[in-house]
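Since every read-out is calculated from the coordinates, none of them should be taken as a lab result. Bear in mind that the values here come from a model prediction, so they are computed numbers and not experimental data. Every residue, glycine among them, receives a Cβ derived from its backbone with ideal geometry; neighbour counts consider all protein chains shown.
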Amino acid sequence: MSTLVLGLGNPILTDDGVGISIARKLKEEKPELEVVETSESGIALLDYVAGCDKLIIIDAIKTGKGKPGELYKLAPEDLKPAHTSTTHGIDIATALEAGEALGCIMPRSVSIYAVEIREDTTFREHCTREVEERIPFIARRIMEEEKL
Amino acid sequence: MRKITIDPITRLEGHGKIEIFLNDEGNCERAYLQIPELRGFEKFCEGRPAEEMPRITTMICGVCPTAHHMASTKALDDLWKVEPTPAAKKIRELMYNAFQAEDHILHFFFLGGPDFVVGPRAPAGERNVLGVIARAGMEAGGKVIEVRKRLRNVLRLIGGKPVMPSCGLPGGVSKGISEEERQTIIEAADYAVEFSRFALGLFDAIVLRNKKYVDLVTGEVYKHRTYYMGLVDENNRVNFYDGDIRVVDPKGKEFARFKARQYLDHIREHVEPWTYVRFSYLKNVGWKGFVDGEGSGVFRVAPLARLNAAEGMATPLAQEAYEKMYEVLGGKPVHNTLAFHWARLIEALYASERLSELARDPELTSPEVRNIPTQVPREGVGVVEAPRGTLIHHYQTDERGILTGVNLVVATQNNAAAICMSVEKAARSLIKKGKVPAGILNMIEMAFRAYDPCHACATHSLPGRMPLEVNVYDAEKRLVKRLTRDG
């Protein structure tokens, strides 16, 4: 069964790049894993995910309700808005659904991990300290959870 | 680990906010669109070698990395005063047109198109790409996926990756194109030409043959009589990669024509206390506020603006489509914001045709793909037409090429004043005597979706879209209504 780890975010926008940092950590721990890093979103993700059996997405989230560095696990339907109009791009859930509708071979299992972040509007190559410190722990949690 | 459900409004803080202020009569007095500002880019770049910029700037946003890469590469040409070889120029332009075609097609079918293909008053849950597939058919959906795949393959062949290319160097590109690669590009280009014709046909069948849609496109709600800006070639035809910057006035008469290096003589930025966004305006007209007309320096960029600022298209099929648009919409310039969607498809056809021309150019496979810079760097300016409008990169360095100053004039900033005006106009026409109709959110979104504004920097993190909130205040500045996507 092929597994794809998709690290999302912008690696030069402080905490926005946490998904990419975690994906890199997973690759470091388990070099045989297929890991893709991208700052793309929405329908562009179909190019990477079509054809794989199991998909693990890691991204940043800013709910303002959790502690920076807190890890959440989501299902695609958790991200689906009731109103899908958007200024630029579509959400992951709609992209996966569009893939199905267009006859692409879509993953049978999709796990989405989101890390609560604090800062994503300042250009910087590293996450804030509180998020950065949690990266090894989060990578381990995902490996356990996904039995990687 | 906590299990949470993402409410679309949870990421609203600092993101996509429209504030509408009503007067004593309950009508819209002013409306403001606020978007988040990314900070510290100039500081981030200073002290780095300038030649890193084409790779750094692709990371500014996940939507138009190729545009930043190309503007940056051209700024480096100017910085080192080195001309790329003829083959390198053709390779760059070819890649750039593949990018434009892919981006425009994506916008029409996935972002802007649903308003028309599915319908502006269709249930919100259907007004998306799934609704487009349901209306236009599986075959159309399959074609969209195929054309994207082929065009992204062209970008990968030249740029190294389908996004975030790394091929641009001062004086040329990092590698040439083989005969085998040329064949792949020719096939992709021909497919893209056919697809773009199909897309225009779809627009014709769905929009132009529907009086309600034509009325919507040509109506006053989305109309502004502004100046228009775009790059043109020596014959005043649209060009995405190179040329002079041309500006026409609201009557369509040439107002200015200048080189990228002269941009500071023509473009100025206005700052408002309520937003970090800098509003570009024409220096030689002046900032007169968020108003249109000949006396206001507000100008627009992006597809319709480019077509208005030019005198035609440089390829035959696109020229035919260009003539048809102006004939149907009553001549030049067209001021209707929703016509941006039509112009975008005409540009997709032009980009595909130009891709096809360049793919067949005998010089394309020449191994002479770089001139080595020999001058001492000081200052360089590069310009391209990003899908969302004119994009300028301006760098200053010390004699070692270490950056001491960086200024980017991005497309959405050029359209920012007009976007605010469109939002306000939609709000004024829809809110009467304190009554805020339910459909206002989509009507306002339609106003700025036409510009395809690049707020993608704010959409990287989950849930993967820019949330939008509309707050309506009465004459006493009390919040009387809050609308969100689910509102």
Calculate for chain B the 222 nm mean residue ellipticity that helices alone would give, adding -39,500 (n - 2.57) per DSSP H run of length 4 or more and normalising by residue count, nearest 500 deg cm²/dmol. -12000 deg cm²/dmol
Do any GluC sites (Glu not before Pro) in the stretch B:140-246 lie in a DSSP loop with no more than 10 other beta carbon atoms within 10 Å, and if so, which? B:Glu220, B:Glu234
Among bridges DSSP assigns within the protein assembly as shown, what percent are antiparallel (round to 5)? 60
Within 10 Å of the Cβ of an average residue in B:40-50, the count of other chain Cβ atoms is 2
Over chain A: helical MRE at 222 nm, DSSP H runs n ≥ 4 each giving -39500 (n - 2.57), nearest 500: -8000 deg cm²/dmol
For a quick protection proxy, order the peptides B:349-357, B:272-280, B:96-104 by their average other-Cβ count within 10 Å, most packed first. B:96-104, B:349-357, B:272-280
Listing B:Glu46, A:Glu37 by rising number of other beta-carbon atoms within 10 angstrom, fewest first, gives B:Glu46, A:Glu37
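If I stretch the segment between B:Arg225 and B:Glu323 completely, what's the gain in nm (0.36 nm per residue apart, minus their alpha carbon distance), one decimal?
Here the answer is 33.2 nm.
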How far, in degrees from 0 to 90, does helix B:340-359 lean away from the longest principal axis of the Cα atoms of chain B, to the nearest 10? 10
If a paramagnetic tag sat 7 Å from the Cα of B:Glu294 along the Cα-Cβ line, which residues of the stretch B:245-285 would have the backbone N under 19 Å from that point? B:247-257, B:282-285
Cα-Cα longer than 22 Å, checked against B:Lys81/B:Lys161; B:Lys324/B:Lys425; B:Lys212/B:Lys425, kept in input order, equals B:Lys81/B:Lys161; B:Lys324/B:Lys425
Kirkwood hydrodynamic radius over Cα pairs of the stretch B:231-350, then Stokes diffusion coefficient at 20 °C and 1.002 mPa s, in µm²/s: 142
In order through the stretch B:234-241: 3J(HN,Hα) via Karplus (6.51 cos²θ - 1.76 cosθ + 1.60), integer Hz, x for Gly, Pro: 5, 9, 6, 9, 4, 9, 7, 9
Here the whole-number average of other chain Cβ atoms within 10 Å per Cβ of A:120-127 is 5
With a Förster distance of 35 angstrom and the Cβ-Cβ distance between B:Glu180 and A:Glu125, calculated FRET efficiency to the nearest 0.05 equals 0.35
Roughly speaking, what is the stretch gain from B:Lys161 to B:Glu311, that is 0.36 nm per residue apart minus the C-alpha to C-alpha distance, in nm to one decimal? 50.5 nm
Debye calc, one equal point scatterer per Cα of chain B, no solvent, log10 I(q)/I(0) at q = 0.07, 0.11, 0.12 1/Å comes to -0.36, -0.91, -1.09
B:Thr390 long-range amide H proximity, modeled H, under 5 Å: B:Ala302
Taking only Cα atoms, what is the 0 to 90° angle, nearest 10, from helix B:65-79's long axis to the longest principal axis of chain B? 50
Percentage, to the nearest whole number, of Cα pairs in chain A over 17 Å apart: 59
Cα long-axis angle, helix B:179-203 against chain B (0 to 90 degrees, to the nearest 10): 20
I need the peptides A:112-120, B:161-169 ranked by packing, meaning the mean over residues of other C-beta atoms within 10 angstrom, with the highest value on top. A:112-120, B:161-169
Students often get this wrong, so check it: of B:Lys90/B:Lys149; B:Lys89/B:Lys149; B:Lys432/B:Lys477; B:Lys74/B:Lys253; B:Lys17/B:Lys223, which have C-alpha atoms separated by over 20 Å? B:Lys90/B:Lys149; B:Lys89/B:Lys149; B:Lys74/B:Lys253; B:Lys17/B:Lys223
Förster-model FRET efficiency, 22 Å R0, B:Arg209 and B:Glu139, C-beta, rounded to 0.05: 0.65
Placed amide H near B:Lys481: partners under 5 Å, 5+ positions off or other chain: B:Val472
What's the FRET efficiency of A:Arg108 with A:Phe137 using the Cβ-Cβ distance as r and R₀ = 22 Å, to the nearest 0.05? 0.20
Taking the beta-carbon count within 10 Å as an exposure proxy, list B:Arg209, A:Arg124, B:Arg148 from fewest neighbours to most. B:Arg209, A:Arg124, B:Arg148
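Multiply the residue separation of B:Glu52 and B:Glu399 by 0.36 nm, subtract the distance between their alpha-carbon atoms, and state the gained length in nm to one decimal.
123.3 nm
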Which peptide among B:113-120, A:12-19 comes first, and what is the full order, when sorted by highest mean count of other Cβ atoms within 10 Å? A:12-19, B:113-120
Based on alpha-carbon centroids, what's the gap between the stretch B:185-216 and the stretch B:125-182 in Å, whole number please? 18
Backbone HN-Hα couplings from phi across the stretch A:54-62 [Karplus 6.51/-1.76/1.60, Hz, Gly and Pro as x]: 10, 10, 10, 9, 10, 8, 9, 8, 10
What is the set of long-range amide H partners of B:Asp244 at a cut-off below 5 Å, with H atoms built 1.01 Å from backbone N? B:Val232
For B:Ile372 and B:Lys435, extending 7 Å from Cα along the Cα-Cβ vector and measuring point to point gives, in nm, a value of 7.5
DSSP beta bridges in the stretch A:3-146 [antiparallel fraction, %, rounded to 5]: 15
How big is the protein assembly as shown on each of its three principal axes, counting only the C-alpha atoms and giving the largest first in Å? 69, 65, 51
10 Å Cβ neighbours from other chains, averaged over peptide A:66-77: 2
